[in-house]
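Peer 1: Here you go, one structure.
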Amino acid sequence: MRLGIYIGSFNPPHLGHKKVIDFLLENNYVDNVLIVPTGNYWNKTNIIDINKRIEMLKFYESNNIKIDTYHNNYPYTYELLNALKESYPKDELYLIIGSDNLEELHKWKNINEILKNKIIVLRRNNIMKNPYIDDTNIIYVDDFDNIDISSTEIRKGDYKYLDSNIKDYIIKNNLYKENE
């Protein structure tokens with residue numbers, strides 16, 4: 001099984017995140033997607049508790065979309081991928097990233113270990129290559145129409161790019177207002 005690994009803070013999860021997942025599933029890039037919300041190991045000042053972010057992500061869960069509630073505190077991608085290989089030994093892992101990450105990808109900790117995995121790169125900001133990395137295992141997705149969504153604006157109260165359930169959850173739990 002081809003398991004897409006989608007890592008992020010998802011602070012909050014928005015329709016841009018869902019569009020990525022749906023596109024990859026509908027276009028047969030992966031069979032399932034595992035969403036892995038990260039802990040706050042970079043000490044972001046406006047990130048809400050991971051349990052609240054996981055609860056919001058649960059609205060996206062389906063037969064093909066699972067939310068990881070166990071592997072959330074690995075500070076480095078290579079560590080997370082190694083742990084996921086142990087948890088999903090029969091699956092082929094596909095790391096999902098936006099092409100905006102390509103510019104700095106060669107600086108990621110243990111990048112050569114990460115590059116042993118398949119990596120799906122979705123076009124973003126018209127960046128599509130990094131001459132400093134071996135892209136043998138990289139699958140470039142040029143036909144994805146990215147939506148430019150600002151999580152900062154959402155946290156300030158612009159909810160137009162939220163699923164209605166997530167919007168209701170944010171309002172009900174009075175999230176983000178005090179963080180901006």
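Peer 1: Would you be able to tell me the number of residues in the range 1-55 that are among the polar types (S, T, N, Q) and either touching a Cys at 6+ places or on another chain (Cβ under 8 Å) or under 23 Å from K167 (Cα atoms) (or both)?
Peer 2: Total satisfying the criteria: 7.
Peer 1: Looking only at the range 24-61, which residues are modelled with pLDDT of 95 or more, of a type in the set (S, T, N, Q) and out of contact with any helix residue (DSSP H, G or I) (no Cβ under 9 Å at 6 or more places or on another chain)?
Peer 2: Correct list: N27, N28, N51.
Peer 1: Quick one: which of Y74, Y78, Y94 is surrounded by fewer than 21 Cβ atoms within 10 Å (Cβ to Cβ) and either at pLDDT 95 or above or of a type in the set (D, E, K, R) (or both)?
Peer 2: Y78
Peer 1: Further question on the same structure: Starting from residues that are surrounded by fewer than 19 Cβ atoms within 10 Å (Cβ to Cβ) and not polar (S, T, N, Q), keep the ones in the range 51-64 and report whichever is farthest from N174 (Cα to Cα).
Peer 2: By that ranking, first place goes to E61.
Peer 1: Let me ask you something else. Kindly indicate which of N46, N40 is surrounded by fewer than 18 Cβ atoms within 10 Å (Cβ to Cβ), touching a residue at least 40 places away in the same chain (Cβ under 8 Å), farther than 23 Å from L93 by Cα and touching an Asp or Glu at 6+ places or on another chain (Cβ under 9 Å).
Peer 2: N46
Peer 1: A further question follows. If you check I120 against the conditions, is it in contact with a strand residue (DSSP E or B) (Cβ under 9 Å, 6 or more places away or on another chain) and free of Cβ contacts under 8 Å to residues at least 40 places away in the same chain?
Peer 2: Here the answer is no, as I120 does not meet what is asked.
Peer 1: On to the next question. Within the range 111-157, restricting attention to residues that are in a loop (DSSP other than H, G, I, E, B) and of a type in the set (V, I, T), which residue is nearest to E79 (Cα to Cα)?
Peer 2: I133
Peer 1: Only one of (1) under 19 Å from G16 (Cα atoms); (2) at pLDDT below 95 fails for K107. Which number is that?
Peer 2: Of (1) under 19 Å from G16 (Cα atoms); (2) at pLDDT below 95, only one is false for K107: (1).
Peer 1: Further question on the same structure: Scan (1) of a type in the set (D, E); (2) within 19 Å of the chain's Cα centre (by Cα); (3) modelled with pLDDT of 90 or more; (4) surrounded by fewer than 15 Cβ atoms within 10 Å (Cβ to Cβ) for the single condition D163 breaks and write down its number.
Peer 2: The single condition D163 does not satisfy is (4).
Peer 1: For I48, state whether it is hydrophobic (A, V, I, L, M, F, W, C) and within 14 Å of the chain's Cα centre (by Cα). Talk me through it step by step, then tell me what you get.
Peer 2: Values: hydrophobic (A, V, I, L, M, F, W, C): yes; within 14 Å of the chain's Cα centre (by Cα): no.
Spelling it out, it is not the case that I48 is hydrophobic (A, V, I, L, M, F, W, C) and within 14 Å of the chain's Cα centre (by Cα).
Peer 1: Considering only residues that are acidic (D, E) and farther than 22 Å from G16 by Cα, look in the range 110-153 and name the one that is modelled with the highest pLDDT.
Peer 2: First, pick out the residues of the range 110-153 that are acidic (D, E): 113, 134-135, 142-143, 145, 148, 153.
Those left that are additionally farther than 22 Å from G16 by Cα: 113, 134-135.
Working: E113: 95, D134: 86, D135: 87.
This residue is E113.
The values are calculated or read from the model by the stated rules, or taken from the named source; none is laboratory data. Note that the coordinates shown come from a computational prediction; the quantities given were computed from them, not determined experimentally. Cβ sites come from the backbone with ideal geometry, for glycine too, and all protein chains shown count toward neighbours.
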